[in-house]
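One structure is given below, encoded as structure tokens.
Every number here is computed from the coordinates shown, using simple stated rules; none is lab data. The structure presented is a predicted model; accordingly, all values stated were derived computationally and were not measured. Note that each Cβ is placed from the backbone with ideal geometry, even for glycine, and that neighbours are counted across all protein chains shown.
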């Protein structure tokens, strides 16, 4: 507990001087007259429009890529998912932030299905059983738990 408090205290110590800097005064400008002011453009997009999506150029055909984010939480910019596989432990580890649905292609992972396969998602471990299909889709249920979506 003391380590947590000292980390918070150090963080506050570092950020406090920046927060207390005086704000420079705003420059004085002349107020434009009504005829000098251009007409405002009409806004046609709805107020609650979704933010623009950024496309990341990643080759889907990459044989080393086996984790695919399919849906992010609404209004959550910066959502991500990462995954790793430990062949010695036969364990898949997946971490997510603001992701609602993802898929893993088990055909691209050297899983030993003859042994127990552990799947850890966001710190919760469970057994992963082989299915008749390679791509497994996971989605959060209404309680926030990850469940496999059957085809």
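Over region 85-151, what relative contact order in percent results from Cα pairs under 8 Å that are six or more residues apart?
Rounded, it is 32 percent for region 85-151.
If you average the alpha carbon positions of region 101-151 and of region 81-98, how far apart do those two centres end up, in angstrom?
10
Counting C-alpha atoms alone, how compact is region 62-104: give Rg to one decimal and Dmax as a whole number, in angstrom.
Every Cα atom of region 62-104 included, Rg and Dmax give 11.7, 38 Å.
Determine, from the Cβ-Cβ distance of residue 142 and residue 80 and an R0 of 25 Å, the FRET efficiency 1/(1 + (r/R0)^6), rounded to the nearest 0.05. Intermediate results must be reported in sequence, preceding the final value.
Working: r = 23 Å, r/R0 = 0.91.
Efficiency, from the Cβ-Cβ distance: 0.65.
Would you mind listing how long region 67-149 runs along its three principal axes, going by Cα atoms, in whole Å with the largest first?
Taking the Cα atoms of region 67-149, the three principal extents are 41, 23, 23 Å.
So how do 68, 134, 85, 102 line up by other beta-carbon neighbours within 10 Å, fewest first? Write out the running numbers ahead of the final one.
On the way: 68 16, 134 13, 85 19, 102 22.
Taking fewest neighbouring Cβ atoms as first place, the list is 134, 68, 85, 102.
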